[in-house]
Amino acid sequence: MHAPTSDLIPVELLLRAYRSGVFPMADHRNDREVYWVEPRERAIIPLDGFHLSRSLRKVIRQDRFRVSCDENFAAVIAACAQPREEMSESWISHQIEASYIALHEAGHAHSIEVWDGDDLVGGLYGVAFDRVFCGESMFSRATNASKVALAWLVSAMRNAGYALLDCQFMTGHLGSMGAVAMPQSAYLERLLSARGRPQTSLPQAVAETLAHSSPGKSIAQDLTQTS
């Protein structure tokens, strides 16, 4: 089931919302309405404060998974929209899913995919503008797969000259990776200071890492310097 083109949230409206610190959600997968959320408290991961555990460093260094950027955005958002045990209803409605695919096609949404052979086992997606990346959702079908995706994202953002990684809501999982909470007012100040163009795009930054003889060792070295 796909949302009709007329139901899509316009790209410019989405970008304007994100630049204002607001984002859309839905009550369930088939919801035809969206509501705009401005949390009182915001979670971010400081790009110099990502927590790389010893076990995750080992997984990344060994290149156990193949990692890509924007190889299959639609598959990542579809996987993120699947119901989960802790959340029987997905906030990613068909309308939101189709709108973010359009945003991706316009160059403002990206995905990190984690592969085990030909199987997509983890990943994340989010919205990119200025020097900001707003992480929307992640999924994992293999141990550590979503953590690997997040580590690659943080490294790519650092190398591309990004300044702010927004995680929206604080969770224990994100906290263990280095996320910190702040009032929305403080987040809006960070948003303002992250205006301007990054040095390069996230897909380009990932491509440059993949060009290394051992991409995982490059990522682990980059993140170990600050974790």
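A few points about this structure:
- Of all residues making up the range 124-155, the number that are open to solvent by 10 Å² or more (accessible area, probe 1.4 Å), under 14 Å from residue 81 (Cβ atoms) and of a type outside the set (D, E, K, R): 3
- Residues of the range 178-188 classified as over 23 Å from residue 147 (Cβ atoms) and surrounded by 12 or more Cβ atoms within 10 Å (Cβ to Cβ), total: 5
- Options 199, 221: the member that is under 16 Å from residue 129 (Cα atoms) and open to solvent by 20 Å² or more (accessible area, probe 1.4 Å): 199
- For the range 156-176, the set of residues classified as open to solvent by less than 20 Å² (accessible area, probe 1.4 Å), closer than 19 Å to residue 19 by Cα and either out of contact with any Gly (no Cβ under 8 Å at 6 or more places or on another chain) or assigned to a loop (DSSP other than H, G, I, E, B) (or both) consists of 157, 161, 164, listed by residue number.
- Residue identified as at pLDDT below 95, open to solvent by 10 Å² or more (accessible area, probe 1.4 Å), outside any strand (DSSP E or B) and acidic (Asp, Glu) among 97, 89, 71: 89
- Evaluating residue 60 against the criteria (1) in a loop (DSSP other than H, G, I, E, B); (2) crowded, with 18+ Cβ neighbours inside 10 Å leaves one unmet condition, (1).
- Annotation: residue 184 fulfils all but one of (1) more than 16 Å from residue 19 (Cβ to Cβ); (2) at pLDDT 95 or above; the unmet one is (1).
- Residue in the range 196-219 that is more than 24 Å from residue 56 (Cα to Cα), in a loop (DSSP other than H, G, I, E, B) and among the small types (Gly, Ala, Ser) present: yes
- Residues of the range 10-37 satisfying the condition of being modelled with pLDDT of 95 or more, closer than 27 Å to residue 82 by Cα, open to solvent by 10 Å² or more (accessible area, probe 1.4 Å) and part of a loop (DSSP other than H, G, I, E, B): 10, 22
The values are calculated or read from the model by the stated rules, or taken from the named source; none is laboratory data. This structure is a prediction, so every number in the text was calculated from the model and none was measured. Cβ: placed from backbone, ideal geometry, glycine included. Neighbour counts: every protein chain shown. To get the accessible areas, we keep the full protein, side chains included, count just its heavy atoms, and leave off ligands, DNA and RNA. Shrake-Rupley method; radii C 1.70, N 1.55, O 1.52, S 1.80 Å.
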